[in-house]
């Protein structure tokens, strides 16, 4: 993704609709923005804004008409923050803004880029996920940054895309992504976005030229096809007596083979993890060779650790922190009740003679499915 592409996307003007769509004029406008059929239509980004509180939700779709029908007919599970609120207060409590993307200028995938841009804004506090869901068929996003995580060079929607566009093999991505190893000594490959990073203004073609030049340089150094490592023999090592010595290998595989000859079996992936974590194993310490690393390698590792921790903590806060004591929302066609905990919810249903145990309640909270006429969600 280039800076020019993002600038083009940000120029797309949103059209506001008051909900529910009831007048002939608004229905015609909705059709122009989303398409008249749920099977053929337009791609784009949409925002729901709560009129009273100003809370916002952003989403995208390659078939806007079908997505709008999903919300308008309220045929959805009551999960997350936005859907229970929409079910409880109805469409009239929201206004809708639609950003229709011109198919002659943009692809379906560009709607995901625009959605991700807005998700980095904390104003969209009704979204529970801060990374776009590209669907299982789209693969996993890969972000390519500079060594300080301050510049985003490219956002790929899958490993296959990286191979096709930037000639980075999927196995190479697997080895480098979220690791402490800079790719081609110039780039970091991460599976999560860095909100503070700026988008580079160089084109994809220019980026490929830079990478090809680095590949040539690393080939001359002998580090293109393999990663040179060093194995330090720590005090107390029972396999070798030359404590303090450092053995050098031209690849991880050759190091693994050497250890195997000593009677120590270790997988290549395990050794990579030990290197990334700087972990001593059986009084061996393996690390990347100095000729492989840039001068600021330690700082690079600290940057990755910091953002990985922030990303992990954010996910934990979103999904796992003390859910047993979180408030529960219970809805059906006639009532909407709030409870302080799972046990309070279970006791309420006992009092109205409906059998609801903790296991069943947890399952319905996860999948959002209807249970004996009721929907359940976290507050």
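The values are calculated or read from the model by the stated rules, or taken from the named source; none is laboratory data. Since the model is a prediction, treat every value here as computed from it, not as a measurement. Please note: Cβ atoms are built from the backbone with ideal geometry, for glycine as well, and neighbour counts cover all protein chains shown.
So that you can scan it fast, the table gives a plain yes or no per residue for (1) within 24 Å of residue 370 (Cβ to Cβ); (2) touching a helix residue (DSSP H, G or I) at 6+ places or on another chain (Cβ under 6 Å); (3) not assigned by TED's automatic domain parsing to the domain that holds residue 182:
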| residue | (1), (2), (3) |
| --- | --- |
| 47 | no, no, yes |
| 55 | no, no, yes |
| 60 | no, yes, yes |
| 67 | yes, no, yes |
| 85 | yes, no, yes |
| 98 | no, yes, yes |
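Being at pLDDT below 90, surrounded by 18 or more Cβ atoms within 10 Å (Cβ to Cβ), assigned to a helix (DSSP H, G or I) and touching a strand residue (DSSP E or B) at 6+ places or on another chain (Cβ under 8 Å), is that true of even one residue in segment 182-205?
No, that holds for no residue.
Could you pull out the residue among 155, 114 that is modelled with pLDDT of 90 or more, touching a helix residue (DSSP H, G or I) at 6+ places or on another chain (Cβ under 9 Å), under 24 Å from residue 59 (Cα atoms) and not in a loop (DSSP other than H, G, I, E, B)?
Of the residues listed, the single one that is modelled with pLDDT of 90 or more, touching a helix residue (DSSP H, G or I) at 6+ places or on another chain (Cβ under 9 Å), under 24 Å from residue 59 (Cα atoms) and not in a loop (DSSP other than H, G, I, E, B) is 114.
May I ask you to verify whether residue 168 is assigned by TED's automatic domain parsing to the domain that holds residue 203, in a loop (DSSP other than H, G, I, E, B) and closer than 22 Å to residue 213 by Cβ?
Considered against the rule, which asks whether it is assigned by TED's automatic domain parsing to the domain that holds residue 203, in a loop (DSSP other than H, G, I, E, B) and closer than 22 Å to residue 213 by Cβ, residue 168 comes out as yes.
Condition check: in a strand (DSSP E or B) and modelled with pLDDT of 90 or more. Does residue 16 satisfy that?
Yes.
Any residue at all in segment 169-179 that is closer than 29 Å to residue 14 by Cβ and in contact with a helix residue (DSSP H, G or I) (Cβ under 9 Å, 6 or more places away or on another chain)?
Looking for residues that are closer than 29 Å to residue 14 by Cβ and in contact with a helix residue (DSSP H, G or I) (Cβ under 9 Å, 6 or more places away or on another chain), one finds none in segment 169-179, hence no.
Mind checking whether some residue in segment 29-39 is crowded, with 19+ Cβ neighbours inside 10 Å and outside any helix (DSSP H, G or I)?
Checked segment 29-39: at least one residue is crowded, with 19+ Cβ neighbours inside 10 Å and outside any helix (DSSP H, G or I).
Take segment 84-111 and flag every residue that is on the phi > 0 side of the Ramachandran plot and touching a strand residue (DSSP E or B) at 6+ places or on another chain (Cβ under 7 Å).
none
For segment 70-89, how many residues are assigned to a helix (DSSP H, G or I) and closer than 20 Å to residue 30 by Cβ? Walk me through how you get there before you give the answer.
Keep residues of segment 70-89 that are assigned to a helix (DSSP H, G or I), which gives 70-72, 82-89.
Filter again for closer than 20 Å to residue 30 by Cβ, leaving 70-72, 82, 86.
Final tally of qualifying residues: 5.
Check segment 69-83 and report whether any residue there is at pLDDT below 90 and touching a strand residue (DSSP E or B) at 6+ places or on another chain (Cβ under 6 Å).
Within segment 69-83, one or more residues are at pLDDT below 90 and touching a strand residue (DSSP E or B) at 6+ places or on another chain (Cβ under 6 Å).
Hey, among 50, 108, which residue is modelled with pLDDT of 90 or more and surrounded by fewer than 20 Cβ atoms within 10 Å (Cβ to Cβ)?
50
From 279, 248, 213, grab the single residue that is modelled with pLDDT of 85 or more, loosely packed, with under 14 Cβ neighbours inside 10 Å and in contact with a strand residue (DSSP E or B) (Cβ under 6 Å, 6 or more places away or on another chain). Talk me through it step by step, then tell me what you get.
On the way: 279 fails: in contact with a strand residue (DSSP E or B) (Cβ under 6 Å, 6 or more places away or on another chain); 213 fails: in contact with a strand residue (DSSP E or B) (Cβ under 6 Å, 6 or more places away or on another chain).
It is 248.
Grab the strands (runs of 3 or more DSSP E) fully contained in segment 304-379, keeping just those with 2 or more residues being farther than 19 Å from residue 126 by Cα, touching a strand residue (DSSP E or B) at 6+ places or on another chain (Cβ under 9 Å) and modelled with pLDDT of 75 or more.
So the answer is 336-339.
Of these, 163, 92, which one is assigned to a helix (DSSP H, G or I) and closer than 30 Å to residue 270 by Cβ?
Being assigned to a helix (DSSP H, G or I) and closer than 30 Å to residue 270 by Cβ holds for just one of 163, 92, which is 163.
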